[in-house]
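Asks: If you scroll down you'll find the structure; I have some questions about it.
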Amino acid sequence: MDKGKEQVLICGGAGYIGSHTAVALIEAGYEVVIVDNLSRSSLDMVEGVRRITGVEVPFERVDCCDKDALAEVFERYPFRSAIHFAAYKSVGESIEKPIEYYHNNVTSLLNLVELMVERGRNNLIFSSSATVYGESDTLPVTEETPRKEATNPYGHTKQICEDLVSDATVAHPQFRGVSLRYFKPIGAHPSALIGEMPIGVPTNLVPYITQTAAGVRECLSIFGNDYPTPDGTCIRDFIDINDLAEAHVAAIDRLIAGRNRSGYEVYNIATGRGTSVLQLVETFERENGVRLNYRVEKRREGDVVAMWADATLAHKELGWKATRTLEETLRAAWAWEKRVRGI
Ligand code: UD1
């Protein structure tokens, strides 16, 4: 292990966002330790990180809900900073299995925060979500936009976890936290060695698109074209996963350098641009030269009509902004799906 490098613990590092963040941190000169229970992820992602970076990244199969096992990881590695991705993320499933969602998402973060505070490992980045804003009254949303009461257990766990980090930083001033509120992460690493790997039938748009293009799914359903938007479909701020990963590097740099303006900070991680579902589908077809079989269906319950962010605070304070185009992101998403399917 290179003693000269700053180490970062990545809880949930075998997942979609965690694996891309591991690559970005290593490329920025950090050493990473990946912890994951592999319940919703796969060792292939860790292998992908190793192949992309050429670094034999340490991996520990640990469930962050098991505090003793997580404490052993603290014994073994001298990291000062950690990023928490180890959470469930499906809105629909959270309504069916609220206890599992509260247990997994909150306990894993609680254990991590307790251990960090106890042991003086003081820099934490928490994976939050635009979901904390609910259906905002104003667009674009800024970090000052009030959070709305959560409409599902998944969203509520994100709010509880943000509050947990914030409260801990007040009581323990040496401990510092940042919540990154992601808008809609899409795409894959340009190597096609890591990407989004949903278990079962995808519920998110881009994996459903790529699986439909690959012939794994017969037809993409577009959930509603009668929304009050220019083309009637919902609008999202789709952000490239590699851009998103780099935001974590910027946030870690800031905490390590002590440049944070307060013990707890929040940033929107987004492009600042809204794109409709239909625009995204058409861009995918055009960029990849494929025809997608799709049909319009009724609205999906719980969907927010339109959501995009003002991302200027992250630019101003983290020195970060999204740089990839939607076109290159959708090309990478398709390259990844083709590699997974052997097409
Ligand atoms: C969803 C979650 C959000 C979570 C995020 C995690 C819901 C309501 N929201 O965001 O809380 O943080 O995933 O990644 O589940 N669409 C289709 N056809 C499909 C799939 C989606 O038309 O097969 C549409 C949806 O109606 C929506 C848009 O595409 O308008 C984006 O959907 P999705 O990718 O699921 O993301 P979000 O709903 O933004």
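The values are calculated or read from the model by the stated rules, or taken from the named source; none is laboratory data. Here the structure is a predicted model, which is why all the values come from computation and not from measurement. Here the Cβ positions follow ideal geometry from the backbone for every residue, glycine too, while neighbour counts run over all protein chains shown.
Asks: Name the residues in region 35-46 that are buried (at least 20 other Cβ atoms within 10 Å of the Cβ) and closer than 11 Å to Glu60 by Cα, would you?
Replies: Result: Val35, Asp36, Asn37, Val46.
Asks: Now, a different point. Answer yes or no as to whether Arg121 is modelled with pLDDT of 95 or more, under 29 Å from His315 (Cα atoms) and away from the ligand (no atom under 16 Å from the Cβ).
Replies: yes
Asks: Does Ala306 count as within 16 Å of the ligand (Cβ to nearest atom) and within 18 Å of Thr131 (Cα to Cα)?
Replies: yes
Asks: Among (1) at pLDDT 95 or above; (2) within 16 Å of the ligand (Cβ to nearest atom), which single condition is Pro173 missing?
Replies: If we test Pro173 against (1) at pLDDT 95 or above; (2) within 16 Å of the ligand (Cβ to nearest atom), just (2) comes out false.
Asks: How about region 12-34: which of its residues are over 16 Å from the mean Cα position of the chain (by Cα) and either surrounded by fewer than 19 Cβ atoms within 10 Å (Cβ to Cβ) or outside any loop (DSSP other than H, G, I, E, B) (or both)?
Replies: Scanning region 12-34 gives Ile26, Glu27, Ala28, Gly29, Glu31, Val32, Val33.
Asks: Does region 109-116 include one or more residues that are crowded, with 20+ Cβ neighbours inside 10 Å and within 14 Å of the ligand (Cβ to nearest atom)? I'd like the intermediate steps shown before the answer.
Replies: The first filter runs over region 109-116 and keeps only residues crowded, with 20+ Cβ neighbours inside 10 Å, leaving 109, 111-113, 116.
Restricting the remaining residues to those that are within 14 Å of the ligand (Cβ to nearest atom) gives none.
No, the conditions are met nowhere in region 109-116.
Asks: Now, a different point. Which fully enclosed helices (runs of 4 or more DSSP H) of region 192-301 have 2 or more residues being touching a Pro at 6+ places or on another chain (Cβ under 9 Å)?
Replies: On the way: elements: 205-213, 241-256, 277-288.
Passing ranges, in order: 205-213, 241-256.
Asks: Filter region 124-168 for residues that are within 15 Å of the ligand (Cβ to nearest atom) and hydroxyl-bearing (Ser, Thr, Tyr) and give the result.
Replies: Ser127, Ser128, Ser129, Thr131, Tyr133, Ser136, Thr151, Tyr154, Thr157
Asks: Against the condition crowded, with 20+ Cβ neighbours inside 10 Å and of a type outside the set (A, V, I, L, M, F, W, C), how does Asn260 come out, does it pass?
Replies: no
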